[in-house]
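Notes to accompany the following structure.
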Amino acid sequence: MPDAQKPPRNVGLTLYAAPNLNAANDKRPFALVVRLYTLKDPTSFQQAPFDAFTDPAKEKTILGGDLLGVREVTLIPGQRYVVTEKVSREAQAFGIVALFRDPAMQRWKFAFDPAKSEKSGIMIGLHNCAMTVTNGTVIPPEQGLPAQPLNMLSAVSCG
């Protein structure tokens, strides 16, 4: 049976918005738009620059045929968002982009392996300018993952 005909994976997703959410360098917390992507292949997503995700036409051009679906969630400081994502078996990646005002390099988007993340779920912390990952299997981009552990913020700097 082709993957497209198999039932979708149920991947638990928890997003924790810190009290200093999207505070950037001016220390004033703001709501944050988080975009959730279902992708056939993570490569174009991982290579895309930040501004590709702020312009729907550019996003569509860059992600092309890899994009199976996208939706948006807006979080406010201190909010917890919990949902079960139905991820198509065609999808080799589930991408998360946080549109921070002043994003930290390599910490504003991640691609997860939906098959390997199905049991554990995906748990993300959203902070002043970066995401932390507590659960879920991150697919490393070509340039590799950041040197510091993904559940820590100590080496992160905004902008």
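Laboratory data are not the source of any read-out in this text; all were calculated from the coordinates shown. Remember, it's a predicted structure, so these values are computed and weren't measured experimentally. All Cβ positions, glycine included, derive from the backbone under ideal geometry; neighbour counts span all protein chains shown.
General observations
- For residue 23, the residues 5 or more places off, or on other chains, whose built amide H falls under 5 Å of its own are 30, 128.
- Each residue of segment 119-131 was assigned a 3J(HN,Hα) from its phi angle through the Karplus curve 6.51 cos²θ - 1.76 cosθ + 1.60 (θ = phi - 60°); the sequence is 6, 7, x, 10, 10, 10, x, 10, 10, 5, 8, 8, 9 Hz, with glycine and proline shown as x.
- Across 27/119; 60/86; 60/116; 27/116; 6/60; 86/109, pairs whose alpha-carbon gap is larger than 29 Å: 27/119; 27/116
- What the phi angles of segment 44-54 give under the Karplus curve with 6.51, -1.76 and 1.60, with θ = phi - 60°, is a coupling list of 5, 4, 5, 8, 5, x, 3, 5, 5, 8, 9 Hz, glycine and proline written as x.
- Placed amide H near residue 135: partners under 5 Å, 5+ positions off or other chain: 123
- Candidates 132, 54, 38, ranked by Gaussian network fluctuation over the chain, Cα under 10 Å, top entry: 54
- Computed lengthening from residue 58 to residue 90, 0.36 nm per intervening residue step minus Cα-Cα distance: 9.2 nm
- Taking 17, 31, 98 in turn, the Gaussian network model of the chain (Cα-Cα springs below 10 Å) assigns the largest fluctuation to 31.
- From phi via Karplus (6.51, -1.76, 1.60), per-residue ³J(HN,Hα) for segment 95-100 in Hz, x at Gly/Pro: x, 10, 10, 9, 8, 5
- Gaussian network model of the chain, springs between alpha carbon atoms under 10 Å - residue of 133, 11, 73 with greatest fluctuation: 73
- Remark: relative contact order (the chain) = 32 percent; criterion is Cα-Cα distance under 8 angstrom and separation of 6 or more residues.
- Multiplying the residue separation of residue 10 and residue 71 by 0.36 nm and subtracting their alpha-carbon distance yields 20.3 nm.
- Label-to-label distance for residue 33 and residue 101 is 1.6 nm, based on points extended 7 Å past Cα in the beta-carbon direction.
- Other-chain or far-sequence residues with amide H under 5 Å of residue 112's (modelled H): 94, 95, 96, 139
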